[in-house]
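The structure appears below as structure tokens.
Just so you know, all these numbers are worked out from the coordinates, no wet-lab data involved. Please read these numbers as outputs of a predicted model, since none were measured by experiment. A quick note on method: Cβ atoms are made from the backbone with ideal geometry, for glycine too, and the neighbour counts reach across all protein chains shown.
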Amino acid sequence: MYDENNIFSKIIKGEIPCDKVYEDKNVLFFNDINPMAKIHVLGIPKTPCLDFSDFVIKCDPKIVADFFKKTESIINQLGIRNSGYKIISNSGINGGQEVPHFHIHILGGEKISFKDL
Ligand code: AMP
């Protein structure tokens, strides 16, 4: 069950500020408050969804495609398309997900090992 009180839902509603990178009616990208790399941006769809599976199963395919197209645009805007990056999405207990609103981590700006995360 989706919890409307999770912190990313509050950020979407403007109840909590964020360090915004890009926003439109469907998506929001912002800097992670506790960066694990020189560049650490979080991307979220504004549709309420728990995790990657919930997003892909529940949402209109156009919304899903739009989110990933925009993710790639942000990667280009961040200047890390050529140098490389990691995209991570944690899900559930075994995935170590802390915030129960689907999000991706975009990490770059330096070489990132799984051991560091
Ligand atoms: P996850 O473990 O995949 O759920 O990651 C949640 C991420 O959200 C962590 O990397 C946190 O540092 C980040 N985070 C939590 N609260 C905020 C916030 N208010 N603004 C930006 N990032 C946040």
| Which one of Lys62, Lys70, Lys115, Lys111 is more than 17 Å from Ile11 (Cα to Cα) and touching a residue at least 40 places away in the same chain (Cβ under 8 Å)? | Lys70
| message | I'm trying to understand the selection: among the residues of region 21-44, which are more than 10 Å from the ligand (Cβ to nearest atom) and either among the charged types (D, E, K, R) or exposed (fewer than 13 other Cβ atoms within 10 Å of the Cβ) (or both)? | response | Glu23, Asp24, Lys25, Lys38
| said: It is to be established whether one or more residues within region 29-44 are in contact with a strand residue (DSSP E or B) (Cβ under 7 Å, 6 or more places away or on another chain) and without any contact (Cβ under 8 Å) to a residue 24 or more places away in the chain. | reply: yes
| request: Hey, could you check region 64-88 for residues that are farther than 15 Å from Leu28 by Cα and in contact with a strand residue (DSSP E or B) (Cβ under 8 Å, 6 or more places away or on another chain) and say which is nearest to the ligand (Cβ to nearest atom)? | output: Ile88
| said: Cβ-Cβ under 8 Å, sequence separation 6+ or interchain: first residue in region 80-98 and in contact (Cβ under 8 Å) with a residue 40 or more places away in the chain, partner within 13 Å of the ligand (Cβ to nearest atom) and in a helix (DSSP H, G or I). Which pairs? | reply: Ser91/Phe52
